[in-house]
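First up is the structure itself, then whatever we jot down about it.
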Amino acid sequence: MKYKIFAGTCLVLIAIFAGTAFYYKSQETKQLNFLAQKNASTLVREHSQVYGSDAAKVFLVEFMDPACETCAAFSPLVKQIMAANPGKIKLVLRYAPFHEGADYFVKILEASKKQGKYWETLDLMFQSQPMWTRHHKALPEKIWPILANAGLDTERLKKDMNDPAIEKIIEQDLADANTLNVTKTPGYFVNGRPLVTFGRQQLYDLIQSEIKAQY
């Protein structure tokens, strides 16, 4: 009798464990459904800079150019949307330095990672953009005094930005942008869905539609 009770209890525990494991597995699959899509690796690379919760179910992939005025203008909007939906959105940044000389600034951004100041450097670039761009052309010599005033080790940046690995990152991102037909910046994808009609309201609506679908 005791054996039967013990065996029954074990079976119940096993069933509960299996049910729990299946639930969490199904939740994980649902969460990572976007990453299972065929073009996911083209949208999100291992080197991509990300911001947001690891548990987020909505991936906002942005192909951006540091010298792009619209990228700078949309940055606060993206932050506002993320702040209004805490833990639900993960921002993934990709590079599409289409402006002349913009790849130089991408290299600075990547080098700033080694000082733990990637996002601070990007914000600084966007805020000071009118000071180092002219007629859609990036002017590298104008950015260095600004970076120095922000407390960044500019000598270290100048050294780190020449890492050949950064050039490969730019090449990969540009190749992916071409594959995804990104011809101008910023180019947005929300869980793999492209922002077809560009605009603030359109971006907001696309993100909200995915939030409703995932939560």
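Every number in this text was worked out from the coordinates using simple rules, so none of it is lab data. Just so it is clear, the structure is predicted and the values come from calculations on it, not from any experiment. As a convention, Cβ positions derive from the backbone with ideal geometry for all residues, glycine included, and neighbour counts pool all protein chains shown.
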query = Rounded to the nearest 5, what % of the DSSP beta bridges within region 60-146 are antiparallel ones?
reply = 25 percent
ask   = In debye to the nearest 20, how big a dipole does region 34-214 give about its Cα centre with +1 on each Lys and Arg Cβ and -1 on each Asp and Glu Cβ?
value = 380 debye
inquiry  = Restricting to bridges with both residues inside region 34-214, how much of the DSSP beta-bridge set is antiparallel, in percent to the nearest 5?
reply    = 60 percent
C-alpha center-to-center spacing [region 158-200, region 96-114] in angstrom = 12 Å
Spin-label pair E141/E46, simplified geometry with 7 Å Cα→Cβ offset, distance in nm = 4.0 nm
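With the cut-off at 1.5 for a/c, could you classify region 83-136 from its C-alpha gyration tensor as rounded, prolate or oblate? Can you show the working numbers first?
Working: a/c = 1.89, a/b = 1.61, b/c = 1.18.
Cα axes put region 83-136 in the prolate bin.
Give the shape of region 34-214 as rounded, prolate or oblate, defined through the alpha-carbon gyration tensor: a ≥ b ≥ c are the square roots of its eigenvalues, a/c under 1.5 means rounded, and otherwise the shape is prolate if a/b is larger than b/c and oblate if not.
Values: a/c = 1.66, a/b = 1.59, b/c = 1.04.
Prolate.
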query = So what are the ³J(HN,Hα) numbers for region 88-96, from phi and the Karplus equation (6.51, -1.76, 1.60; θ = phi - 60°), rounded to whole Hz, Gly and Pro as x?
reply = 9, 10, 10, 8, 10, 9, 10, 9, 9
message = Run the simple label-point estimate for K158 and A83 please: 7 Å along Cα→C-beta, distance reported in nm.
response = 3.6 nm
task = Work out how much length T179 to Q202 would gain on full extension: take 0.36 nm times their residue separation and subtract the Cα-Cα distance, in nm to one decimal.
result = 6.0 nm
ask   = For the residue pair S209 and R193, what label-to-label distance in nm results when each label sits 7 Å from Cα along the Cα-to-beta-carbon direction?
value = 0.4 nm
query = For R94, which sequence-distant residues (separation of 5 or more, or a different chain) have an amide H within less than 5 Å of its own amide H, given hydrogens modelled in the peptide plane?
reply = E62, F63, M64
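State which entries of K107/K142; K79/K137; K57/K212 exceed 21 angstrom in Cα-Cα distance in the structure shown. Working shown, then result.
Numbers: K107/K142 15 Å; K79/K137 26 Å; K57/K212 11 Å.
With Cα atoms farther than 21 Å apart: K79/K137.
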remark   = Projecting the Cα atoms of I211, T70, G101 onto the charge dipole of region 34-214, where Lys and Arg contribute +1 and Asp and Glu -1 at Cβ, the residue farthest towards the positive end is I211
